Amino acid sequence: MLSTQRGKTNNSDQDREDEVPRPNLNPDIHGSPIWETWNHLASQANTPRRREKLKFWVEEIVADMFGCGNCRNHFPTHLRKFRIVNYMSSAEQMLLHAFLVHDSVTRSIPGKDLSNLPTFADIKKIYFPSKESSCSTVCTNPEDEEEEGEEVEEKKPVTRKTNVPNNMSSQKKSAPVSMSKKVSPTRTLATSNEVIRPTRFVRKT
């Protein structure tokens, strides 16, 4: 009894939510981000857990993301045409499922130009690129490019060489001169035998 009441409550809440008007957006403009996101998630679904999460996203969320009311109402029909449970074996199969649903939706739009529709091979090249166009070769750091473009010169340590005559290597270094005695700049040093006498000043009368 409780479960029935809860079910009725959930349904009534959903009905009230569906009655709230929503703006109709141009599917040619606002539909592309949804399909691109779907393709990206499908190409990354390389584990069973990721594929289960994508399955839930497709069945429960995608339809409500469309800004066009007709797209939201018609989307479940295309999902029943291509059941996602039949494409759960690999990421490539999940991408194929996204492509088939998108192609089916596009072909159902009245007056749509179908002359330039992409093939699955085109989509596969984008989301399963070759090694030459993979992230490791396409994504580069701008700083690395600047370093490659500029020639950086390695600075070598500078060593100063002094020209010393060969005969100086055998000579002994002279003893340092002692500067303990202060000499007046107005007088010269006396020789070893000379005695320096003090100068007498005579006052003139």
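General remarks:
- Of all residue pairs spaced 6 or more apart or on separate chains, those with beta-carbon atoms under 6 Å, a first member in segment 66-80 that is over 12 Å from His102 (Cα atoms) and a second member that is among the charged types (D, E, K, R) and assigned to a helix (DSSP H, G or I) are Phe66/Arg72.
Matching residues to (1) in contact with a His (Cβ under 8 Å, 6 or more places away or on another chain); (2) modelled with pLDDT of 95 or more; (3) small (Gly, Ala, Ser); (4) part of a helix (DSSP H, G or I):
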{"site": "Ile34", "(1), (2), (3), (4)": "no, no, no, yes"}
{"site": "Ser43", "(1), (2), (3), (4)": "no, yes, yes, yes"}
{"site": "Gly67", "(1), (2), (3), (4)": "yes, no, yes, no"}
{"site": "Arg72", "(1), (2), (3), (4)": "no, no, no, yes"}
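- Residue match in segment 80-92 (condition: among the aliphatic types (A, V, I, L, M), under 20 Å from Asp122 (Cα atoms) and either modelled with pLDDT of 95 or more or under 27 Å from the mean Cα position of the chain (by Cα) (or both)): yes
- If you go through segment 31-87 and keep only what is touching a Lys or Arg at 6+ places or on another chain (Cβ under 7 Å) and crowded, with 16+ Cβ neighbours inside 10 Å, you end up with Ala45, Ala63, Phe66, Ile84.
- Only one entry in Leu114, Leu54 is at pLDDT 90 or above and of a type in the set (A, V, I, L, M), namely Leu54.
- For first residues located in segment 36-57 and within 14 Å of Glu92 (Cβ to Cβ) and touching a residue at least 24 places away in the same chain (Cβ under 8 Å), partners that are loosely packed, with under 14 Cβ neighbours inside 10 Å and not β-branched (Val, Ile, Thr) and lie 6+ apart or on another chain with Cβ distances below 7 Å form the pairs Ser43/Phe128.
- Ile126 fulfils the conditions (1) part of a helix (DSSP H, G or I); (2) open to solvent by 60 Å² or more (accessible area, probe 1.4 Å); (3) without any contact (Cβ under 8 Å) to a residue 60 or more places away in the chain except for a single criterion, (3).
- Single residue of Thr119, Thr106 found to be out of contact with any strand residue (DSSP E or B) (no Cβ under 8 Å at 6 or more places or on another chain) and open to solvent by 40 Å² or more (accessible area, probe 1.4 Å): Thr119
The values are calculated or read from the model by the stated rules, or taken from the named source; none is laboratory data. Just so it is clear, the model here is predicted, and its values are computed rather than measured. Methodologically, a virtual Cβ is constructed for each residue, glycine included, from the backbone with ideal geometry; neighbour enumeration extends over all protein chains shown. Surface areas here come from the heavy atoms of the whole protein model, side chains and all, with no ligands, DNA or RNA. Shrake-Rupley method; radii C 1.70, N 1.55, O 1.52, S 1.80 Å.
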